[in-house]
Structure formats: C-alpha cells, structure tokens
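Enquirer: Here it is: the structure, laid out below.
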Amino acid sequence: MPLRGERELLAQNKEYEVKISELRLLIDEKNEEVEKLKDLCVKQREELKALKDAILFPDVMNSQLQVLLEKQGFELKQAKQVIPCFKKQVTSLTGQLQCLAEDLAEVKADKHTSRTCFDEHLSSPRTPISDQEAANPLEYRSPDCMASDYGSPDEMFLKDLNPCLIPCFSKLKPQGTIVP
C-alpha cells in the first residue's frame, strides 16, 4: 500500500504542479492587466491635473490670451489714431476736388463766353454748335447741351470730375447724342 500511496501522491503532485502553472499564467495575465490599469490611471491623473491647472491656475492659457489681447489692442489703438487722420485727408481732398470742379466750371464758362463773343464778331455763316461738336468731340460743349444730355446739374457736376476719382454713374446716353 505504501507504493500506491506514493503513486497517488506523485499523481496528485503532478496535478498540483499543473494547477500551479495554470495559476501562475493567470497571475501573469492579471499582473499585465494591473499594469495596464496603472498606466491608464497615471494618464487619467495627468489629464485631470492638466484640466485642474487650466481651470484653477490658467496662467499658461492666460498668458497666451494676454499676448493676443495686447496685440489686438495695439492694432486697435493704431487704427483709432490713423482713421481720424484719413478722415481729415478725405475731407481735405474732397474740398480740393470741389474747388477744382468750380474752377474748371469757371474756366469752361469763360471759354464759352469768349467763344460766343468771337463767334458773334464773325459775319460768315457758321454751322450750329451741336454740329461742330459732332465734328470735333474734344472741344467744349455748352452747358445747355450738357444739361439736355444728363438731365440735372448734379449729373453735369459729376461729368466735370475726373472719372478715376468718382464712382461710375449711369452709362446710359440718350440716343443720337455724342458725349466727349
């Protein structure tokens, strides 16, 4: 019987060794899971700390926002200084344009007056002014003729200005008229 007990003990020992090796594998698997969970906890702790710092101690975020705010404030300050200067320049230039337009109108009126006086002194029959303009479109047109082309004094004033300096108004022309 002792042999039988020995064999049973050896068999039982082998069974226990198999169970022990299985349990060791299980422990290794569990240890790997524990390590993964530790890593996850460390990452979450770092994320929580970063969020907490951002909420409670937003120095880094505030410094970045402060730099951006200062930059925008500087640009706004510059704009506030430049805009009134530009407004003054535009007002001055507008006044100069109006003076030039008035001077140009006077020169044209003087030219027209001297031309009509010259035409009146000549005794030979002449072609009417509107036909002369058709022959030479670069010459001055009388205000009466221009008024009929544009309809209002405002439109005549706009016609006298440099087209590069004013917005384009209606390009429609009455049929049968030639505009210089």
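Enquirer: Pick from Gln81, Gln12, Gln66: which is without any contact (Cβ under 8 Å) to a residue 12 or more places away in the chain and exposed (fewer than 10 other Cβ atoms within 10 Å of the Cβ)?
Expert: On the way: Gln12 fails: exposed (fewer than 10 other Cβ atoms within 10 Å of the Cβ); Gln66 fails: exposed (fewer than 10 other Cβ atoms within 10 Å of the Cβ).
Matching residue, one of Gln81, Gln12, Gln66: Gln81.
Enquirer: For the range 97-120: of the residues being of a type outside the set (D, E, K, R) and surrounded by fewer than 10 Cβ atoms within 10 Å (Cβ to Cβ), which is modelled with the lowest pLDDT?
Expert: Filtering the range 97-120 for residues that are of a type outside the set (D, E, K, R) and surrounded by fewer than 10 Cβ atoms within 10 Å (Cβ to Cβ), the one modelled with the lowest pLDDT comes out as Phe118.
Enquirer: Now for a separate question. Cβ contacts < 9 Å: first residue surrounded by 10 or more Cβ atoms within 10 Å (Cβ to Cβ), restricted to the range 21-44; second residue among the hydroxyl-bearing types (Ser, Thr, Tyr), any location; separation 6+ or different chain. Result?
Expert: Nothing qualifies.
The values are calculated or read from the model by the stated rules, or taken from the named source; none is laboratory data. Everything quoted here is computed from the prediction, not taken from an experiment. As a convention, Cβ positions derive from the backbone with ideal geometry for all residues, glycine included, and neighbour counts pool all protein chains shown.
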